[in-house]
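Everything below concerns the one structure shown next.
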Amino acid sequence: MTPEELKDKIASKSDIQIIDLREEYEFEDGSICNTNIPMGEVMTRLNEINNKGEVVMFCKRGKRSKSMVFMLQKQHGLAHIQQLEGGYEAWCENK
């Protein structure tokens, strides 16, 4: 999902869960959302991820979220999860 697409979904108040995969210290410097699940904690916190509806995960540049989304889709069948292309940096560039 591109930053523009995510902004449109947020503006239209779509039912979407946004998860920041960055570490807590990165999250504290600013985020798109209120949900922070650092990448290393995702597997132990799967119950916090919506099973239905759209889910978008992001990190700083998109590398961590791309890996995590791939793993969740392939190993856990969570096809409704997407990543934010370019991560938080791309989001901030498109404000």
Cα-Cα over 21 Å: which of LYS7/LYS95; LYS60/LYS95; LYS52/LYS74; LYS9/LYS52; LYS13/LYS74?
LYS13/LYS74
The chain: calculated mean residue ellipticity at 222 nm from DSSP helix runs of at least 4, using -39500 (n - 2.57):
-10500 deg cm²/dmol
For all pairs of alpha-carbon atoms in the range 7-72, what percent lies in each bin of width 5 Å, listed from the first bin to the last filled one?
3, 17, 29, 26, 17, 6, 0
Mean accessible area per residue over the chain (1.4 angstrom probe, all protein chains present, square angstrom) is 59
Accessible-area composition of the chain, carbon plus sulfur, in percent [1.4 Å probe]:
46
For the range 42-95, convex hull volume per residue from C-alpha positions, Å³
80
Pick from LEU78, LEU21, LEU46: which is most flexible by mean-square fluctuation in a GNM of the chain where alpha carbon atoms under 10 Å apart are linked?
LEU46
What are the ³J(HN,Hα) couplings of the range 74-83, residue after residue, when phi is run through the Karplus curve with 6.51, -1.76, 1.60 and θ = phi - 60°? Round to Hz, x for glycine and proline.
6, 8, 10, x, 8, 5, 7, 9, 10, 10
Determine, for each peptide in 28-39, 4-15, the mean count of other beta carbons within 10 angstrom over its residues, then list the peptides with the highest first.
28-39, 4-15
State to the nearest 20 debye the size of the charge dipole of the chain about its Cα centre, where the only charges are +1 on K and R beta carbons and -1 on D and E beta carbons.
340
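The values are calculated or read from the model by the stated rules, or taken from the named source; none is laboratory data. Keep in mind the model is a prediction, meaning the values are calculated, not measured. Counting neighbours? That spans all protein chains shown, and the Cβs are built from the backbone with ideal geometry, glycine included. Remember, those area values only see protein heavy atoms, side chains included, never the ligands or the DNA or RNA. Shrake-Rupley method; radii C 1.70, N 1.55, O 1.52, S 1.80 Å.
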